[in-house]
Structure formats: C-alpha cells, structure tokens
Amino acid sequence: MSTVTDRERATEPRTERSPVLLAEGSRAYRIVVLVIIAGIIGLALIGTTLSVYRMSQVTAVLITAIAVIGLNLATGYTGLLSIGHSALFGVGAYATGILILDYAYSPILTLPIATALGFAVGLIVGVPALRIRGLYFSLVTLALGIAFPEIIRRFDDFTGGAAGLLIRSQFLTPPSWTGLTRFERGLWLYGLSFVSFVVVMLLVRNLMRSRTGIAMRGVRDHEVAIRSNGVDVARTKVLTFGLSGAITGYAGGLFAMNVGALSPDGGSFTLVKSIELITAMFIGGAGTLLGPLIGSTVTVFLPELTSTWTTGPISGVLFGVTLIVLVFFMPEGIAGRLQIIARRFVRVVPPDHPAARRPTTSTQNSGGNATGQKSVAAGGAEQPPGPNSDDASSEGSSR
Amino acid sequence: MELFVERLLAGVTNGSIFALLALALVMVYRSTGTLNFAQGEFALFSAFFAWWLVGTGLPVWAAVIAGMVAGFVLCAAAERALIRPVQRKSELATLIVALGLFSGLNAAVALIWGTDTKVMPSIVPNGLEDYFELFGARVYGDTVITWVALAAVTILMTLLFTKTELGLHMRAVADNAESAALTGVNTSRILMLGWGLAGAIGALAGSLATPLAPEQLSVTTMFPIFIGACAAALLGGLDSLAGAVIGGLIIGVVEAMVTGYVPLVGGAMQQTTAMVLIVLILVVRPNGLFGSKELERV
Amino acid sequence: MSALEISGLSAGYGAADVVRDISISVPAGEVVVVLGANGAGKTTTMRAICGLIDRRGSIRVDGVEIGSKPADVVNAGVSLVPQGRGTLGTLTVLDNLRVGAALRRDRAAIEEDIERWTSVFPVLAERVDQRAGTLSGGEQQMLAVARALMARPRVLLCDEPSLGLAPRIVQHLFATLRDINSEDATSMLIVEQNAELAMDLASSVYLLEVGRVVRSGTPASFREDTELRRAYLGY
C-alpha cells in the first residue's frame with residue numbers, strides 16, 4: 001500500500017518491476033510457444049473425458065467463440081459496430097440445414113458453403129459502410145438482424161418457416177473415417193469445433209499481424225490519418241465485413257450440426273443472439289485474441305450459474321447487473337485485463353528489438369522509453385502541432 | 001377508399017408512437033451522444049408502473065402522469081450513476097451498459113409484475129361505439145389521443161428549445177459541453193435533465209401504446225416499438241426533433257401500406273421492408289434526413 | 001491587491017502533472033502575458049484555472065479563494081476565451097451571446113450588453129441570426145471574446161487568441177482588447193506562443209517552460225534579452 005502512495009507522490013513515474021523480454025524467434029520464445037501448444041492439446045484431451053452434457057456445453061462455448069471471433073474482427077478490431085451478426089450466424093446455420101435436408105449433403109461439406117454465403121452476405125452489408133458511418137452503419141446491420149427471422153418465416157417452403165427445420169440425427173452421423181458411431185456425435189462435434197476454433201484463432205492472429213490487419217486497426221483508431229497514408233479504407237471495410245461474415249457463417253454451420261433444430265424464433269438468430277455475441281466479445285475483451293473464448297465461456301455459463309442461485313427473472317436482473325459491473329470495473333474485458341497484467345511480467349518483442357539484443361541493459365531502456373512516451377503524450381494532448389505551425393506563419397508575416 | 005384511409009390512419013397512429021419514443025432517443029442523443037438501447041425498456045417499466053397505479057384505484061390520466069415522473073427519475077438517475085462514469089471510456093462501454101440496463105429492466109419488470117399479459121385501460125373512452133368517421137374510416141379515441149400527445153410533445157419541446165433559457169442551455173451543452181461549462185452552465189444538471197425528459201416522453205409513449213398493441217402490456221411489448229423508434233430517429237438524423245417526428249410517421253405509414261398492398265410481403269415482412277427503405281435512404285443521405293452533424297469519431 | 005492571484009498551481013491529466021507550482025499575479029486593471037513554446041503547459045494552466053481539470057494550489061480573485069467548478073469560476077468573475085474559440089456552431093450568434101450570460105439574472109442589462117458588444121464587433125451585428133458555425137475564423141474569435149465578456153468578468157483569460165488568424169485580424173483583435181481594458185478596467189491574462197502584439201498591452205510577462213514559470217518581468221526586460229526575443233518574439 002505504501003509503495004503505491006510513494007509512486008503517486010513521485011514526480012517521475014517509474015516502472016515498479018521491469019518485465020522479462022521475450023524476443024520472437026528466440027529459443028525461450030519457442031519453448032513458451034511449445035508449452036502453450038502442449039497446454040491446448042492437453043485441454044482438448046481433458047475435454048473428451050467430460051460427461052455428454054458438459055461436453056455439449058463446451059462445444060456450444062467453442063461455436064459461440066468462433067462466431068464472436070467473426071464479430072470481433074469487424075467490431076473489436078475495425079470499429080464497425082454490428083448488431084446484425086445474428087443474421088450472419090443464421091445464414092450459415094440455415095445453409096447447412098437446407099443443404100443436408102434438401103440436397104442430401106454430408107454435413108461437413110456444407111461448412112465451406114455456409115462460410116461462402118456468410119462471406120457474400122457480409123460483403124453486401126459491408127458495401128453501405130462505404131458511405132454510412134458510425135451509428136448509422138450500426139442501423140444497417142440492425143436492419144439485417146431484423147430482416148433475417150422475418151425472411152425465414154416468409155419463405156417457409158424453403159426454410160421450414162416458423163415451424164423450423166429439424167435435422168434428424170441420422171443425417172448428422174460422424175464421417176466414417178473418424179471411426180465414430182452415430183451415438184458419438186457429441187464427441188465428433190466437440191473435436192471438430194475445437195480444431196475449428198484453434199485454426200480460426202490462428203488465422204485471425206496472423207491476419208492482424210499482416211498489413212491488412214494494421215490497416216483494419218487504423219480504420220478503427222484514425223480513419224482520416226490512415227487514408228492519407230494510402231490505405232484503401234473502403235476496401236478494408238468491405239473485406240473485413242466479408243471475412244467477419246465468413247467466420248460467423250462457419251460458426252452458424254457448426255451450430256446447425258450441433259443442435260439439429262433451427263427456428264426463426266427463440267433467440268438463436270434474432271437480435272437476442274446479436275446482443276449475446278456483443279456481450280461475449282465485450283466481457284472477453286474487444287480486439288483481443290483470447291477474448292472471444294473467455295467471453296463465450298462466461299455468457300454460456302453465467303446464465304446457468306445465476307439460475308442455480310435463483311430462478312426466473314432474477315437471473316435476468318443479475319445478468320444485467322453483472323454486465324454493468326463488468327463495464328465499471330473491467331472495461332478492457334477479461335482478456336484485456338489479463339494482457340495488461342501479463343505485460344508487467346513478460347513482454348514479447350520483435351526479434352530486431354534493441355532491448356532484446358542486449359538483455360543486460362534492457363530493463364533501463366524500456367523504463368526510460370515508457371517515461372519518455374508519457375511526457376510526449378501529455379504535451380501532444382495539450383496542444384496539437386498543426387494549428388500552432390499555422391500560428392507561427394501568420395505571426396511571422398504580421399510584422 | 002375507406003380501406004386506404006383506414007390503413008393510412010393506422011400507419012399514422014403507429015408512427016406517432018414510434019415518433020414519441022424516437023423523440024426520447026433524440027433527447028438522449030442530444031445530451032450525451034449515446035443511442036440509448038434501453039429506452040424502450042425504461043418506457044416499459046414506466047408503463048407497468050402506471051398500470052399498477054391504475055390497479056390501486058388511481059384515475060388513468062393520473063397514473064400516466066405518475067408513470068412519466070417515474071420515467072423521468074429512472075432515466076435521470078441512470079445517466080448520473082451508470083452512463084456518465086463510463087461515457088469517457090468508450091462508445092462500446094456505454095452501449096454495453098445500455099444493454100445491461102435493457103436486460104436488467106426487462107427482467108425486473110417480469111420479476112415485479114409477472115410475465116402474464118396485462119390490460120392497460122385507455123386514457124380516453126375506447127369502447128366499440130366510441131368512434132367518429134373520417135372519409136368513411138372509423139377513428140377511435142385512443143387513436144386520436146396518440147396524435148394529440150405527439151403534437152403536444154412536439155410543440156412543448158420546440159417551445160422549450162427555442163423560447164426558454166433552459167432550452168438554450170440544453171442546446172449549448174449538446175453543441176459543445178465544455179464551452180457551455182465555461183460560461184457557467186451547469187452541464188451536469190442539463191445532462192440529467194435531458195435523460196429525464198427522455199424518460200418521461202418514453203413513459204408517455206409506453207402508456208399510450210399498450211391499449212393499441214396487439215399483445216397489450218407484456219414484457220415484449222416495447223421491443224418492436226423501440227426498433228421502429230430507433231429507425232425513425234436515425235432516419236430523421238438522430239439529433240433533429242422534427243426529423244424524429246417525420247421519421248416516425250414515415251415508418252408507421254410505410255409499414256401499414258406495405259402490409260396492405262404488397263402481397264409478396266404481406267403481414268410477414270413489414271419491418272424488413274421499412275428497414276430496407278431506411279438503408280436506401282441512408283445510402284443517399286448518410287446522416288439521415290435532417291441530421292446536422294456527422295456522427296463519427298474523427 | 002491583485003485581481004487574480006495564482007499561487008502554487010499544479011495540474012495535469014491522469015497521474016502526471018503537466019504544470020507544477022505555477023504562481024502568476026494579475027494586478028487589477030492590467031494585462032499580463034504568458035509566453036511559452038508548444039507544450040509548455042499554457043493551455044493546461046488556463047484549463048486548471050477555469051476548473052476544467054483537477055488542480056492543486058490557490059487561486060484568488062480580489063483576495064477571495066475561488067471554487068473548483070467551472071460555474072464557481074465564472075461566478076467569481078473569471079471568463080475564458082478558450083483555445084480554438086469553442087464557438088457553439090449550431091447556435092446563432094445571438095444565442096451564443098446569450099449563453100455567455102448564463103449565470104446572470106439582470107435581463108435588461110443582458111440586452112444592453114448584447115447591444116454593446118455587437119456594436120464593438122460590427123461583424124457580429126450583421127450576423128446575429130446566422131449559425132455561428134458559418135462564420136469565418138476571425139469572426140468566430142470575435143464572437144468567443146464577446147461571449148466571454150457577456151459574463152461581465154473582472155478578469156478575462158484568453159488562450160492563444162491569435163491562433164490561425166490573418167495578421168490584419170489579429171491587429172484588430174488586440175486593438176479591441178486594449179480598448180476594453182482601458183474602458184472597463186478589465187484585467188486580462190493572455191497566453192500566446194508568439195506574442196509581440198500582446199506584449200504591447202502587457203504590464204508584466206511570464207515565461208513557461210516544461211510546466212514551470214522560469215522567468216517573469218516587464219515586457220522591456222524580455223525584449224532586451226536577445227535569446228528570449230529570438231525564441232518567443234520571432235525577431
């Protein structure tokens with residue numbers, strides 16, 4: 001406690017403990033990566049020992065997490081707030097359902113088509129983003145979210161309408177190469193969802209490190225500046241929404257395979273779903289890699305948890321209160337907070353980082369950098385440089 | 001002809017309810033720059049409160065006014081206690097708080113008053129015989145009262161903003177809160193007041209809507225109305241009062257006409273059609289019909 | 001007694017102080033100029049005085065300690081013309097002036113003051129019913145000054161009033177400020193980055209560097225110092 005007050009009193013901010021630096025590609029970094037991979041495989045294997053009910057819950061978490069990764073791409077990383085991802089989820093789910101029932105597709109072969117349709121619808125919705133911004137763009141996505149269940153109900157000879165689509169489990173048998181029987185569908189979907197989740201997460205991780213990923217964050221944080229840097233903002237926005245739709249559509253396809261029953265009512269493809277996805281993204285941490293998984297875990301298990309304490313509407317009240325409390329005390333989300341904490345101990349730097357080359361002096365270097373950045377930021381916040389240079393020129397010519 | 005007039009009037013009536021709630025959304029947007037996702041649920045809570053008061057023997061008009069007071073207090077308190085502290089953090093954080101309020105208020109209504117459907121009496125006589133004819137179409141009392149309410153609220157709000165010092169200060173805070181504070185305007189009070197007024201107007205919308213709504217008063221009554229209002233406010237331009245009113249009426253009438261005259265759509269896709277229309281309008285006018293500012297972070 | 005006495009003022013954003021231990025005295029009826037480079041903390045000082053950011057230290061007007069809310073500061077007789085003017089762009093010029101008198105209750109006198117300032121700044125008189133956002137930069141600056149004066153301040157604070165304005169307009173602005181200062185005995189604290197014109201009005205000058213007052217004196221003493229002159233007065 002006393003150290004905190006000391007730090008507050010000190011005029012120069014100084015780092016309490018310098019983090020260990022991990023250079024990418026170094027030996028230590030590789031070991032850490034291997035440990036993480038081993039951990040993931042371990043977790044996956046532990047998952048297979050769960051009861052049927054628990055395993056299906058974990059599968060639900062993984063599927064939601066994939067959908068949230070899609071949302072996170074558009075909203076968390078690129079800043080296009082979408083209230084219509086329920087529809088993209090639904091497009092994928094109904095694509096899978098209809099292909100299995102009406103065209104006798106093998107379930108796993110429907111996934112590429114669900115993804116492609118999600119991509120296409122995402123692109124179409126992304127196009128208005130070229131002209132329409134901010135909350136108005138959210139309205140466009142809202143329109144999609146509202147339209148989807150109505151369209152499903154209207155074209156009922158195709159979609160089953162309000163009665164819904166029922167995919168009997170005989171159509172959802174695991175492929176023969178897995179060696180699993182019809183009654184081990186839960187295990188098959190668990191494995192498929194787990195692998196899908198890891199692959200999608202890694203793809204998004206690599207995407208966010210590419211030029212496109214940097215452009216996406218640029219669109220979110222300083223659209224005007226990045227436009228003058230030659231980034232094609234329009235293309236970035238439309239493409240992002242397309243990719244986002246593809247991932248969420250894929251999750252929808254998995255969802256259809258997992259539940260086997262689709263209906264336009266009941267909250268799987270209505271705005272309620274959108275709210276659930278946004279909530280999961282925010283609780284986990286918008287714009288973070290692990291956030292979608294953590295957030296989905298919370299949103300799948302929290303209602304169950306609150307309903308074990310109480311029943312009925314009180315759990316809804318608790319859910320609302322929990323959301324608000326989280327915003328107050330953890331606005332960066334759980335993954336965001338973990339990241340901040342982890343950075344105090346370990347920091348991953350690119351291989352050519354100067355501090356990484358000279359491990360002995362690295363601590364002082366990074367400390368000094370942090371201080372320097374702070375004072376620059378404070379000065380920059382006070383007076384933007386642009387107008388002042390104008391001022392200098394007008395003052396200069398006044399004499 | 002009769003059928004057309006009937007559909008038109010029904011559209012105007014639904015549109016009036018959308019417009020009232022849209023006015024509430026615009027009030028909030030003008031004070032804190034937020035789209036209040038929970039506005040419909042605030043209205044729901046106030047309407048249930050008014051219904052409960054009617055049950056205790058209070059006259060309907062008094063209960064509606066008490067509901068408006070409750071809406072005012074509830075919304076003002078939410079702004080002060082829940083929205084203001086997170087508003088500086090991020091837009092997304094504010095939205096999540098609103099979603100939390102949305103979920104919490106809805107569940108609170110169900111918790112306090114139950115999930116069964118209530119019958120909220122109309123503020124005016126609305127028996128089967130209480131109508132007059134307009135171009136052959138029957139017009140009932142609770143239809144007229146929504147028109148009157150919308151007209152009254154619009155006029156009062158216009159007077160507030162153009163003729164009073166308070167309205168001047170509200171416009172100043174909406175324009176630039178810091179500059180307004182520098183002249184001594186109590187911005188904190190103005191923001192609470194903006195939300196409070198929105199709560200009161202929303203409560204009025206909720207109380208008037210329920211006798212008209214097909215499902216009467218239940219926990220799901222306000223959400224479709226909120227969606228219509230949301231679309232109306234955005235169509236009008238989010239910060240324009242006139243825009244909210246015109247936007248609301250347009251959406252009400254379009255929905256009614258499409259339901260009546262486009263067989264492909266029928267009764268099933270009226271909201272979709274309205275939304276598609278709005279998107280098309282936004283593509284032509286990205287800031288709504290009457291929006292004055294670009295709604296984006298620079 | 002000083003009209004405005006700032007002593008030991010520290011303020012900043014978040015954990016770090018941007019300005020530290022600032023003391024400035026504005027004698028009654030006189031003009032004081034604060035010089036400083038970009039980022040020296042001039043704007044932060046002004047914002048701290050007006051209660052827009054948290055501050056420590058003492059601020060007295062006519063010997064009386066003032067409160068920390070913006071309204072307290074205006075009530076005590078201190079008005080700020082903010083950097084970048086802060087015009088209420090969607091309101092008309094007339095409404096901007098009325099907002100300036102937000103804390104006053106003397107309706108008749110408010111109307112008189114509107115008359116007065118629109119005659120002092122004739123460009124405003126021509127445009128009373130126009131939206132302020134449609135005015136040119138110079139006109140908006142005049143409006144910002146007039147709006148601050150509508151509160152009938154004892155001390156007028158101006159944060160870089162010449163920013164982005166054409167030289168001719170800057171000269172006109174400072175001539176007007178000089179007139180107001182001599183007619184009403186309104187004290188002024190003017191912050192400038194390049195302040196040759198402001199120096200002509202000043203009785204004393206302070207120099208701010210990296211958040212601290214590093215020097216103060218008469219305008220003459222500043223002009224004599226070649227290095228200071230080059231750095232801050234530009235000749």
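Summary table
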| quantity | calculated |
| --- | --- |
| Checklist (1) open to solvent by less than 10 Å² (accessible area, probe 1.4 Å); (2) over 22 Å from the mean Cα position of the chain (by Cα); (3) free of Cβ contacts under 8 Å to residues at least 40 places away in the same chain applied to A:Leu139, failing item | (2) |
| Lone qualifier among C:Arg154, C:Arg107 - being away from chain A (no Cβ under 14 Å), basic (Lys, Arg) and farther than 26 Å from C:Ser187 by Cβ | C:Arg107 |
| Answer residue from the stretch A:187-202, given it is open to solvent by 40 Å² or more (accessible area, probe 1.4 Å) and closer than 14 Å to A:Pro175 by Cβ and is modelled with the lowest pLDDT among those | A:Leu187 |
| 1 or more residues at pLDDT 90 or above and more than 20 Å from C:Val205 (Cα to Cα): qualifying helices (runs of 4 or more DSSP H) within the stretch C:18-130 | C:70-75, C:93-100, C:107-120, C:122-126 |
| All positions within the stretch A:24-56 that are open to solvent by 50 Å² or more (accessible area, probe 1.4 Å), within 30 Å of A:Glu184 (Cβ to Cβ) and either free of Cβ contacts under 8 Å to residues at least 60 places away in the same chain or of a type in the set (Phe, Trp, Tyr) (or both) | A:Ile36, A:Ile37, A:Ala38, A:Ile41, A:Leu43, A:Leu45, A:Ile46, A:Thr49, A:Leu50, A:Ser51, A:Tyr53, A:Arg54 |
| Test result for B:Trp113, surrounded by 15 or more Cβ atoms within 10 Å (Cβ to Cβ), aromatic (Phe, Trp, Tyr) and within 14 Å of chain A (Cβ to nearest Cβ) | yes |
| Any hit, the stretch B:228-238, residues being within 14 Å of another protein chain (Cβ to nearest Cβ), in contact (Cβ under 8 Å) with a residue 40 or more places away in the chain and in a loop (DSSP other than H, G, I, E, B) | yes |
| Subset of the stretch B:146-175 that is hydrophobic (A, V, I, L, M, F, W, C) and open to solvent by 40 Å² or more (accessible area, probe 1.4 Å) - its residue that is nearest to the other protein chains (Cβ to nearest Cβ) | B:Leu166 |
| Which listed residue is away from every other protein chain (no Cβ under 14 Å), open to solvent by 10 Å² or more (accessible area, probe 1.4 Å) and of a type outside the set (S, T, N, Q), from B:Gly71, B:Gly55 | B:Gly55 |
| Wholly enclosed helices (runs of 4 or more DSSP H) of the stretch C:160-235 bearing at least 3 residues away from chain A (no Cβ under 14 Å) and within 30 Å of C:Phe121 (Cα to Cα) | C:167-184 |
| Filtered residues of the stretch A:323-354 (kept if assigned to a helix (DSSP H, G or I) and either within 8 Å of chain B (Cβ to nearest Cβ) or among the aliphatic types (A, V, I, L, M) (or both)) | A:Leu323, A:Ile324, A:Val325, A:Leu326, A:Val327, A:Phe328, A:Ile334, A:Ala335, A:Leu338, A:Ile340, A:Ile341, A:Ala342 |
| Considering residues of the stretch B:58-68 that are open to solvent by 60 Å² or more (accessible area, probe 1.4 Å) and assigned to a helix (DSSP H, G or I) only, the residue modelled with the highest pLDDT | B:Ile65 |
| Top-ranked residue of the stretch A:255-264 - restricted to ones that are modelled with pLDDT of 90 or more and open to solvent by less than 10 Å² (accessible area, probe 1.4 Å), ranked as farthest from the chain's Cα centre (by Cα) | A:Leu262 |
| Among residues of the stretch B:267-289, those that are more than 8 Å from chain A (Cβ to nearest Cβ) and open to solvent by less than 30 Å² (accessible area, probe 1.4 Å), counted | 1 |
| Test: residue in the stretch B:208-218 that is assigned to a strand (DSSP E or B) and in contact with a Ser or Thr (Cβ under 9 Å, 6 or more places away or on another chain) | yes |
| The stretch C:54-92, subset more than 11 Å from chain B (Cβ to nearest Cβ) and of a type in the set (Val, Ile, Thr), residue surrounded by the most Cβ atoms within 10 Å (Cβ to Cβ) | C:Ile59 |
| C:Ala148 in a helix (DSSP H, G or I), under 26 Å from C:Arg105 (Cα atoms) and of a type in the set (Gly, Ala, Ser) | yes |
| Flag if B:Val219 is within 13 Å of the chain's Cα centre (by Cα) and either over 28 Å from B:Arg88 (Cα atoms) or among the β-branched types (Val, Ile, Thr) (or both) | no |
| Among residues of the stretch A:145-197, those that are assigned to a loop (DSSP other than H, G, I, E, B) and within 12 Å of another protein chain (Cβ to nearest Cβ), counted | 1 |
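Here is a yes/no grid of residues against (1) under 30 Å from A:Gly213 (Cβ atoms); (2) charged (D, E, K, R); (3) at pLDDT below 90; (4) under 9 Å from the mean Cα position of the chain (by Cα):
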site: A:Gly253; (1), (2), (3), (4): yes, no, no, no
site: A:Gly266; (1), (2), (3), (4): no, no, yes, no
site: A:Phe269; (1), (2), (3), (4): yes, no, no, no
site: A:Ile275; (1), (2), (3), (4): yes, no, yes, no
site: A:Ile283; (1), (2), (3), (4): yes, no, yes, no
site: A:Pro292; (1), (2), (3), (4): yes, no, no, yes
site: A:Thr297; (1), (2), (3), (4): yes, no, no, no
site: A:Pro303; (1), (2), (3), (4): no, no, yes, no
site: A:Ser307; (1), (2), (3), (4): no, no, yes, no
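The values are calculated or read from the model by the stated rules, or taken from the named source; none is laboratory data. Since the structure is predicted, the reported quantities are computational estimates derived from the model, not experimental observations. Methodologically, a virtual Cβ is constructed for each residue, glycine included, from the backbone with ideal geometry; neighbour enumeration extends over all protein chains shown. Side chains are part of the model used for accessible areas, which takes the heavy atoms of the whole protein and leaves out ligands, DNA and RNA. Shrake-Rupley method; radii C 1.70, N 1.55, O 1.52, S 1.80 Å.
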